[in-house]
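Trainee: First the structure, then my questions, so here it is.
The values are calculated or read from the model by the stated rules, or taken from the named source; none is laboratory data. Being a predicted model, the structure only gives us computed values, none of them experimental. Heads up, the Cβs are rebuilt from the backbone with ideal geometry, glycines too, and the neighbour counts pull from every protein chain shown.
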Amino acid sequence: MMSGQQINSSFDALVVGGGIAGGETALNLANNGFKVLLIEKELSIGGKMILLSKVFPTLDCAACITTPKVSEISRHPDITIFTSSEVRNITKTGENNFEAVVVKKPRYVAVEDCTGCQLCEKACPVSVRDQYQFDLVGRKAAFIPFSIASPKAAAIDIENCVLCGACEKVCPTNCIDFTQETEEYLVKINTVVLATGFKLFDPLMIPRFGFGLYKNVITSMQMERELAPTRPFNTVLRPGDGKVPDKIAYVLCTGSRDASVGNPVCSQICCMYSIKQAQLLMGTLPMADVTIYYINIRSFGKGFEEFYQQAKGMGVNFVKGKIGKIAEKENGNLILRYEDINEGIVKEAEHDMVILSVGVLPNQDATGLFKAEELKLDPYKFIYQSDALESPSKTSIDGVFVAGTASGPMDIPDSILSAGAASSEAISYLIRNK
Amino acid sequence: MKKKIGVYICHCGGNISDYVDVEKVRQAIENEGGVLLSKTTMFACSDSNQKDMVDDIKNYDLDGVIVASCSPKLHLTTFRNVSERAGLNKYNYVHANIREQVSWAHSDDKVGATEKAIHIVKAAIAKDRFAESLESNVIEARKAVAVIGGGIAGMKAALTLSDMDCQVYIIEREPYLGGRIAQWGPLFTTNETGKDLVNRLYDKLASRENVIIFKSAEVIGNAGSIGDFKLKIKVTDQNEIIEINVGSVLMATGFDPYTPKDGEFGYSQLDNVITLTEFKQMVEQGDKLLVYKGKVVKNIAYIYCVGSRETEGENTYCSRYCCTSTIHTALLAKKKFANIYNYHFTRGVRTYGKQEILYAESLALGDIYLQSNEDTPPDVFQNGGKTIVKVSDILTTGREIEVEADLVVLVTGMVPRENNQVGTLFKLPKGRDKFFNEIHMKLRPVETVIDGVTICGTCQGPKNILETVNSALSAATKSFSYVSKGVLETEPIVAEIDTEACSWCDACSEACPFDAISKIENGTKSIAVINNSVCKGCGMCTPVCPTDAIDLVTFSNKEIESMIDALAND
């Protein structure tokens, strides 16, 4: 354990979170000449966006937009990236000085030597669920997170590893190193940007939808993986029996606008990503019927309403009504009981696959970071914007800014603009306090 | 002529390879003259492939590189940088678009798509054979930014630029700053009034030495380009035209509220039909009782999406801010005045994100919501001296519901500025919705195709205040990054005059949209001369030259002709 090692005290900014908002912020700062330390808790930067299929309303492939940004971030001379790392605490030590403790967890692979050859993956005898494919398929305990990960290097999942040493034996560059330990660093910075992102709603919280019980009820993030270029099955199929579905249902507002599960706010992105997935499904499975069950369709952004109308024109079936309950038939098909608002009656419909459009929840990773100062949260536990209309990225602590979904649900364009705002405030702050 | 070209053909994870047989494309071009190396790749833009390309360029000493992938709008710069990192001048890189121009356009014809892709890659090879190393032009960038429009977006952008030690000029058409928000009462979410918010910003701006504010002023002339725009400003009641030089221009010209047509939901025909803008002022100015034309108002009907989400006509988009703004104002009215009953005739409420809480509060306080489809809008008519709003309400299975309204508020959305001369002055492109258009919503959301001109706020599309400020700050960062270093690199892609062949006929200078061509005397004759810092390399001048005396660097006649040969050859 290397405790309290000081690596470099001259970072101008600490960016917590390496998703699209954190990455954009780091780039904006570095491109204006500031030195940035970017901390990401996952094995790769790129956040959730790098795992998506295509993005609304332009249908650009998400990887095509994310990977070059990720690439630019990872080789920028003024950006230092720590993956599989966490910030333990941040202390304000002066007017514009902070100290942060960063903990880097061992990857058990020397990243600079790994060529990404995947021999260790093949040799590893342990199979576990692949979190980057949202449990749709398995992975090994020695694994490369995903094909477009950055860094594209293996990692050892030590919790599931049986320490058989098979990976070490086959590794051609001897980059596997079981002696790696947790490292702790103390860094000095002048400003902090929190870009800790969001969590997805866990549909196990709504037992009546049968997620986890009925195999053909999946989440929208799982469908996102099924539609992505780096998809696990190379086609869309339902997990229960591998059948290609032809009558697909979307349940909007799963875990959003629902005080009964503790989340009364609208998640802002689910209508649009569901409409996008419906369009992609109609392209992939031209014979399939796609039905979207909704409360209101909120296609509010630039080009969004037109995208919604386009989906209607393509034949996506929109039904205004909330789903009461989902039941499974013997053949794995699902019966949706719902209130049809237009007809004013309760109806049932059979689908062979159901996608729960899960909402956005606050990621509370940043909550306990500050000990002496209070980082205020809003009533929904997102980071509180202390001057929401004049300076949306200001938090309750002077010199600490928030970017992206850490302050509330938002889509990719809004996250990028929010990151632009946070960078702007951070740059002004750095220049003002020079 | 190049002999060692590397060609990479991208699957784009299936975006291309689902329709184009990329391996067949590779085989078809691997023996083309000059090609040393050809590969296919899952994602050409991925970090790992970029590293492989750098290694290839170094190991094989490549003198030209081609990636056949998506539109150059997305990744020309990405791969030029790869080339640079490997030590190969970036102008030896040529981009071939086989996604937007091939796989997406011909998804119904895989054989034809593959054929077309082969031709496009062969044409890129033909062009790359003639490509030459070039150096970027380095120009001086003035550390000053002109902010056009002094509403909330412009004020906030100006303040931030001032913080960044940048000279700022605000040019506002009205005699006051603050834009539309200056007249608004309490705002969602903070309940601060619009007036207070604007005053807070104004006080800060007024104390800044590096901020100059022109009120009642308009930009009437623009010459120059990124790094050094020369703007002419006319201030009302002043004879003198003011000239300023700035490195970047930030557009924050805002929106117009939609004006309903005569008779649209009774507007300008029934005497108690007003717009949301008018209603906001009424609520702000009223005291104790809400009175309209001498009568106390009790029942208010709000008709949503007036001028937005139209099935026919120009405004097919959603105006984004109006649902929340209306509910917020309706609640203000309810809390401020006695006996107010709000009836909302919606097309589906869009209080996205945390704004949902406001909708929930409104429901809890007894506001009534009705909903109709786009093809069955509410009907507003007069019956026995009373104004009636009638709708077939889909929330109660299409029941016909009538509300007797003392006041009908048309929830009018945002439309682009009617007087948008200044946009024309900078040749800013507009989108389908007629708002100014960014280059790419996610990659370059505040930049325009006019180098050095950024856009933000509602001149780009409907936004609420928070979103407007976020975009203003983003645009400020972008404008700052153009000017912060004092120098800028620009593309060396400019027109060149063959002084022998030129015999000044004026055709090129008339064709030039950037005023980059002028006449000089050269010995015994007059010839054309190109101003390199103004020339954008658009190529408008080359085809009009009767003596073929103009060539465009990187798009020379020989390059274009060899591409045409490759495309035409079977």
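Trainee: Of the conditions (1) out of contact with any helix residue (DSSP H, G or I) (no Cβ under 6 Å at 6 or more places or on another chain); (2) in contact (Cβ under 8 Å) with a residue 12 or more places away in the chain; (3) not aliphatic (A, V, I, L, M), A:G242 fails just one. Which one is it?
Mentor: If we test A:G242 against (1) out of contact with any helix residue (DSSP H, G or I) (no Cβ under 6 Å at 6 or more places or on another chain); (2) in contact (Cβ under 8 Å) with a residue 12 or more places away in the chain; (3) not aliphatic (A, V, I, L, M), just (2) comes out false.
Trainee: Restricting to region B:32-53, what's the tally of residues that are charged (D, E, K, R) and in a helix (DSSP H, G or I)?
Mentor: 3
Trainee: I'd like to check something: does region B:168-179 contain any residue that is touching a helix residue (DSSP H, G or I) at 6+ places or on another chain (Cβ under 6 Å), in a strand (DSSP E or B) and within 14 Å of chain A (Cβ to nearest Cβ)?
Mentor: yes
Trainee: With at pLDDT below 95, farther than 23 Å from B:E132 by Cα, out of contact with any Pro (no Cβ under 8 Å at 6 or more places or on another chain) and among the basic types (K, R) as the only criterion, which of B:K73, B:K51 stands out?
Mentor: From the options B:K73, B:K51, the qualifying one is B:K51.
Trainee: Scan A:L43, A:L38 and give me the residue that is under 30 Å from A:P172 (Cα atoms), buried (at least 21 other Cβ atoms within 10 Å of the Cβ), at pLDDT 95 or above and not small (G, A, S).
Mentor: Going through A:L43, A:L38 in turn, the sole match is A:L43.
Trainee: If you take the residues in region B:465-484 that are among the polar types (S, T, N, Q) and either at the interface with another protein chain (Cβ under 8 Å from one of its Cβ atoms) or without any contact (Cβ under 8 Å) to a residue 12 or more places away in the chain (or both), which one is farthest from A:S418 (Cα to Cα)?
Mentor: Per the criteria, the residue is B:S484.
Trainee: Quick one: in region A:354-384, which of the residues that are in contact with a Gly (Cβ under 8 Å, 6 or more places away or on another chain) and assigned to a loop (DSSP other than H, G, I, E, B) is farthest from the other protein chains (Cβ to nearest Cβ)?
Mentor: A:N363
Trainee: Considering only residues that are within 30 Å of B:H328 (Cβ to Cβ) and charged (D, E, K, R), which ones fall in region B:465-512?
Mentor: Listed by number, the list holds a single entry, B:E467.
Trainee: How many residues does region B:10-31 contain that are in a loop (DSSP other than H, G, I, E, B), modelled with pLDDT of 95 or more, touching a helix residue (DSSP H, G or I) at 6+ places or on another chain (Cβ under 7 Å) and not hydrophobic (A, V, I, L, M, F, W, C)?
Mentor: Selection size over region B:10-31: 1.
Trainee: Additional query: Yes or no: A:L430 without any contact (Cβ under 8 Å) to a residue 40 or more places away in the chain and either among the aliphatic types (A, V, I, L, M) or assigned to a helix (DSSP H, G or I) (or both)?
Mentor: Working: without any contact (Cβ under 8 Å) to a residue 40 or more places away in the chain: no; either among the aliphatic types (A, V, I, L, M) or assigned to a helix (DSSP H, G or I) (or both): yes.
Spelling it out, it is not the case that A:L430 is without any contact (Cβ under 8 Å) to a residue 40 or more places away in the chain and either among the aliphatic types (A, V, I, L, M) or assigned to a helix (DSSP H, G or I) (or both).
Trainee: Do we have A:G324 as touching a residue at least 40 places away in the same chain (Cβ under 8 Å), touching a Pro at 6+ places or on another chain (Cβ under 9 Å) and assigned by TED's automatic domain parsing to the domain that holds A:L356 here?
Mentor: no
Trainee: List the residue pairs whose Cβ atoms are under 8 Å apart, where the first residue sits in region A:21-35 and is polar (S, T, N, Q), the second is surrounded by fewer than 24 Cβ atoms within 10 Å (Cβ to Cβ) and assigned to a helix (DSSP H, G or I), and the two are 6 or more positions apart or on different chains.
Mentor: A:N28/B:S481; A:N31/B:S481; A:N32/B:S481
Trainee: Inspect region B:104-114 for any residue being outside any strand (DSSP E or B), buried (at least 18 other Cβ atoms within 10 Å of the Cβ), small (G, A, S) and modelled with pLDDT of 95 or more and give the result as yes or no.
Mentor: The answer is yes, given that some residue of region B:104-114 is outside any strand (DSSP E or B), buried (at least 18 other Cβ atoms within 10 Å of the Cβ), small (G, A, S) and modelled with pLDDT of 95 or more.
Trainee: Sticking with this structure for a sec: Do we find that A:D130 is surrounded by fewer than 16 Cβ atoms within 10 Å (Cβ to Cβ) and of a type outside the set (G, A, S) in this structure?
Mentor: no
Trainee: Taking A:F233 as the residue in question, decide whether it is crowded, with 22+ Cβ neighbours inside 10 Å and among the hydrophobic types (A, V, I, L, M, F, W, C).
Mentor: On the way: crowded, with 22+ Cβ neighbours inside 10 Å: no; among the hydrophobic types (A, V, I, L, M, F, W, C): yes.
Here the answer is no, as A:F233 does not meet what is asked.
Trainee: Right, another one. Going through B:K386, B:K434 one at a time, which residue ends up being within 24 Å of B:K280 (Cα to Cα), surrounded by fewer than 18 Cβ atoms within 10 Å (Cβ to Cβ) and either outside the structural domain of B:V534 (by TED's automatic domain parsing) or at pLDDT below 95 (or both)?
Mentor: One residue alone meets the criteria, B:K386.
Trainee: Scan (1) in contact with a strand residue (DSSP E or B) (Cβ under 7 Å, 6 or more places away or on another chain); (2) closer than 23 Å to A:I427 by Cβ; (3) more than 8 Å from chain A (Cβ to nearest Cβ); (4) not aliphatic (A, V, I, L, M) for the single condition B:R444 breaks and write down its number.
Mentor: Exception for B:R444: condition (1).
Trainee: Let me ask you something else. Scan region B:204-257 for residues that are under 25 Å from the mean Cα position of the chain (by Cα) and either of a type in the set (S, T, Y) or in a helix (DSSP H, G or I) (or both) and jot them down.
Mentor: B:S225, B:S248, B:T253
Trainee: Looking only at residues that are away from chain B (no Cβ under 14 Å) and either under 20 Å from the mean Cα position of the chain (by Cα) or among the hydroxyl-bearing types (S, T, Y) (or both) in region A:275-292, which one is nearest to B:G348 (Cα to Cα)?
Mentor: The selected residue is A:T291.
Trainee: Would you mind stating whether A:I416 is in a helix (DSSP H, G or I), out of contact with any His (no Cβ under 9 Å at 6 or more places or on another chain), within 8 Å of chain B (Cβ to nearest Cβ) and in contact (Cβ under 8 Å) with a residue 60 or more places away in the chain? Break it down into steps so the answer makes sense when it comes.
Mentor: Numbers: in a helix (DSSP H, G or I): yes; out of contact with any His (no Cβ under 9 Å at 6 or more places or on another chain): yes; within 8 Å of chain B (Cβ to nearest Cβ): yes; in contact (Cβ under 8 Å) with a residue 60 or more places away in the chain: yes.
Taking the combined requirement at face value, the residue satisfies it.
Trainee: With respect to the numbered conditions (1) among the hydrophobic types (A, V, I, L, M, F, W, C); (2) away from every other protein chain (no Cβ under 14 Å); (3) within 25 Å of B:D163 (Cβ to Cβ), which one is the sole condition not fulfilled by B:V487?
Mentor: Checking B:V487 against (1) among the hydrophobic types (A, V, I, L, M, F, W, C); (2) away from every other protein chain (no Cβ under 14 Å); (3) within 25 Å of B:D163 (Cβ to Cβ), the one that fails is (2).
Trainee: Here's a check for you: in region B:523-538, which residue that is at pLDDT below 90 and polar (S, T, N, Q) is surrounded by the fewest Cβ atoms within 10 Å (Cβ to Cβ)?
Mentor: Among them, the one singled out is B:T524.
Trainee: Give me the residue from region B:156-188 that is within 27 Å of the chain's Cα centre (by Cα) and under 16 Å from A:A388 (Cβ atoms) and, out of that set, surrounded by the most Cβ atoms within 10 Å (Cβ to Cβ).
Mentor: Only one residue tops the list, namely B:K156.
Trainee: Under 8 Å by Cβ, and 6 or more places apart or on different chains, what pairs join a residue from region B:363-378 that is hydroxyl-bearing (S, T, Y) with one that is in a loop (DSSP other than H, G, I, E, B)?
Mentor: Taking only residues 6 or more apart or on different chains, the pairs are B:Y369/B:V349; B:S372/B:R347; B:S372/B:P378.
Trainee: Residue under question is B:D63, and the condition is that it be buried (at least 16 other Cβ atoms within 10 Å of the Cβ) and more than 13 Å from chain A (Cβ to nearest Cβ); does it hold?
Mentor: Yes, satisfied.
Trainee: Return yes when A:R298 is surrounded by 24 or more Cβ atoms within 10 Å (Cβ to Cβ) and under 30 Å from B:M414 (Cα atoms) and no when it is not.
Mentor: Yes; evaluated as a whole, the condition is true for this residue.
Trainee: Residues that are more than 14 Å from chain B (Cβ to nearest Cβ) and not charged (D, E, K, R): find the strands (runs of 3 or more DSSP E) completely inside region A:70-151 holding 2 or more of those.
Mentor: A:79-82, A:85-94, A:97-104, A:127-129
Trainee: Would you check if there is a residue in region B:405-420 being among the charged types (D, E, K, R) and within 27 Å of B:E314 (Cβ to Cβ)?
Mentor: So far as region B:405-420 goes, yes, one or more of its residues are among the charged types (D, E, K, R) and within 27 Å of B:E314 (Cβ to Cβ).
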